[in-house]
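Notes follow the structure.
Each value in this text was obtained by applying a stated rule to the coordinates, not by laboratory testing. Because the structure is predicted, anything quoted here is derived from the model rather than measured. Note that we place each Cβ from the backbone using ideal geometry, even for glycine, and neighbour counts take in every protein chain shown.
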């Protein structure tokens, strides 16, 4: 039994580096594209919903009802929309407005008599993302409108402080999330074809006849891409700090270690897919299907992991991106250290070892059939 | 039907369906993924770990705890310890601190407010938690005067605001787009890499037949997924299909054709399968994020909106929600559908023009 040899792994790495250097397109993809995507979508994705198109139907037409209508439009969250000739329900059905407010006759009278004056709000539920937000804004509108109509403001019982992000800047959370997702998917794609390509072009047979061992092969193929991905991590870090002013509160060394663990996981996942499929077309299908949508939807990027049913929450533990998301937001935004984040860090280390081991074992079977 | 075309279709079907793993990719994974996302995802904020720090026998805070655990939105977190540490270590999402001497006594004195410290790393979640705790405290302190203005809220199309109902029609678009783009672009890039495309182009077959023959099979495969996905969405997730089925079919047809054309276009730029895959990613990643499934399109900055207007996935998702949830096939449906078709035609013409015989 031959022992693991560093020089042999190194020569595999050198061969892989030569491959990459010959293909400037892949090089650009690895280093340039991630930072472009993070910057672009860092500006585009905005979860502070403003200017919601709203139709106000004021059938009371009194100073009181007009004050309520004005409260809606002055809040900055809503914008009146739609030609007056078209009925509100039709505008809703056609999706031209997101909500409609109906103020019936008697609104002002109710206020004068001191009983709750009611108005009906109809929300378009075909798009929950805004429907939930609209429902959330209504409380605030009711309070402001009450104050305008001369009521005493209700006693303030609570003062809230938002730790780690005083102004609730949603950009910080979007940029760190984008970083995890983009790196996660691209690193899988980087390695997904490397082994399958060698099988298809026949160069694998040549490699098999050399004394290189499976683990050396896997690590040798992994290392150059790890370097590439770390370079693009550095670029994204610079962009996040300079363009988005994301605070960096934790330790850089810990962040670097977390990155290496995460990239080992995803690069090994790509290699594993490549080893298992041996065919580029299949390898790509599998890596996109297991990489793209799960990283976007199940990692906690936008949809919180905490809100998932217990079974699915446990299922996400197998997803490297979910742990790295926790690590990244913890280190960058909270300044948490290895002690606080021991659990996700250990999970990542375990997953990395398991994926590298699995890829080597599967590869071994190929070598010695 | 044209014999050459039939031959093409037969060849591509055999190639795509020969491998058991490929059949899994085309027919099983889409349904599994849609089920997974439909069941798992929710943008409701749930399982908030709340720590309530109050002196013993503070009646107001005890009531609040009872309300919180009963609501199903909160889970208890340790009631002792430094609030900042609790949030830093992630053992709590929010800490409610009663004023000195307890909230009940403070209320009798008429001064002293409780303090709520919320983990702000997830801005969306933090805002929702703040709202929940305000509501809890108002309910617990049972001295709410009758409101001056009250809203009766009615939510159309999805009265319970079930996440699956609006998310599944969108996720369907993502999965369908992903599968068709990847199938098409890789298959053509493979032929180019292997050199068989050269043989084909040299054969005495009109160019349009080659183009149709290489794309039609993938349109058919993509369309085969549609009834599968719609059926699952309706039967498993109870997503209503309020509009006519022909409108769904029109939408899916235009979308799949556009996606296959896009996949073909990507493959004409790629020298090998690796580049085709990266090109596919370069299209899919932005298209998915700009589709309106992850974030509302209305919220995009002005300069980014035109990109959403050029995004076929965005139209499919919007049309799908219109037909399935609103049941409305009106002017908006037809105008968006027309744009989707126009996009498809332009992309298809571009791809056909690039699939030219010069193989330098």
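Couple of notes before you dig in:
- The modelled label-to-label distance between residue B:228 and residue B:44, using points 7 Å beyond Cα along the C-beta direction, is 3.1 nm.
- Relative contact order (%) - chain B, alpha-carbon pairs under 8 angstrom, separation at least six: 18 percent
- Across the alpha-carbon set of chain B, the Rg to Rh ratio works out to 1.14, Rh being the Kirkwood radius.
- In chain B, the DSSP-assigned H stretches of four residues or longer account for a calculated mean residue ellipticity at 222 nm of -20500 deg cm²/dmol, using -39500 (n - 2.57) per stretch and the full residue count as denominator.
- For A:77, B:157, the sequence from fewest to most other C-beta atoms within 10 Å is A:77, B:157.
- The reciprocal of the average 1/r between distinct C-alpha atoms defines the Kirkwood hydrodynamic radius, which for the stretch B:163-283 equals 15.6 Å.
- Acute angle (nearest 10 degrees) that the helix B:163-194 long axis makes with the longest principal axis of chain B, alpha-carbon atoms: 30 degrees
- With a simple spin-label model that places each label point 7 Å from the Cα along the Cα-to-Cβ direction, the separation between residue A:27 and residue B:80 comes to 6.1 nm.
- Two-site FRET efficiency, residue A:104 against residue A:148, from Cβ-Cβ distance with R₀ of 25 Å, rounded to 0.05: 0.85
- Where N is the number of residues in chain A, Cα Rg divided by 2.2 N^0.38 Å: 1.33
- Sorting B:48, A:86, B:117 by the number of Cβ atoms found within 10 Å of their own Cβ, with the fewest placed first, yields A:86, B:117, B:48.
- Taking the DSSP beta bridges with both ends in chain A, the antiparallel portion is around 35 percent.
- With contributions of -39500 (n - 2.57) from each DSSP H run of at least four residues, the per-residue ellipticity at 222 nm computed over chain A stands at -21000 deg cm²/dmol.
- Taking the empirical scaling 2.2 N^0.38 Å for compact globular proteins as reference, the stretch B:47-115 has a Cα radius of gyration ratio of 1.10.
- Antiparallel content of DSSP bridges confined to the stretch B:50-173, in %, to 5: 45 percent
- For the protein assembly as shown, the normalised intensity computed at q = 0.07, 0.08, 0.11, 0.12 Å⁻¹ comes to -0.55, -0.71, -1.22, -1.39 (log10 of I(q)/I(0), Debye sum over alpha carbons, equal scatterers, no solvent).
- Of all DSSP beta bridges confined to the protein assembly as shown, the antiparallel ones make up roughly 20%.
- Estimated FRET transfer efficiency (residue B:246, residue B:105; beta-carbon r; R0 51 Å; 0.05): 0.15
- Cα gyration tensor shape for the stretch A:293-360, rounded if a/c is under 1.5, else prolate or oblate: oblate
- Between the Cα long axis of helix A:214-242 and the first principal axis of chain A there is an angle of about 30°, rounded to the nearest 10.
- Distance (nanometres) between label positions extended 7 Å along Cα→Cβ at residue B:220 and residue B:24: 2.5 nm
- Percent of Cα pairs exceeding the 21 Å cut-off, where the set is the stretch A:240-369: 48 percent
- FRET efficiency, residue A:339 to residue B:350 (Cβ-Cβ, R0 45 Å, nearest 0.05): 0.20
- This ranking places A:72, A:255 by how few other beta-carbon atoms lie within 10 Å of each, fewest first, which gives A:255, A:72.
- Rounded to the nearest 10 degrees, the inclination of helix B:59-71 to the longest alpha-carbon principal axis of chain B is 20 degrees.
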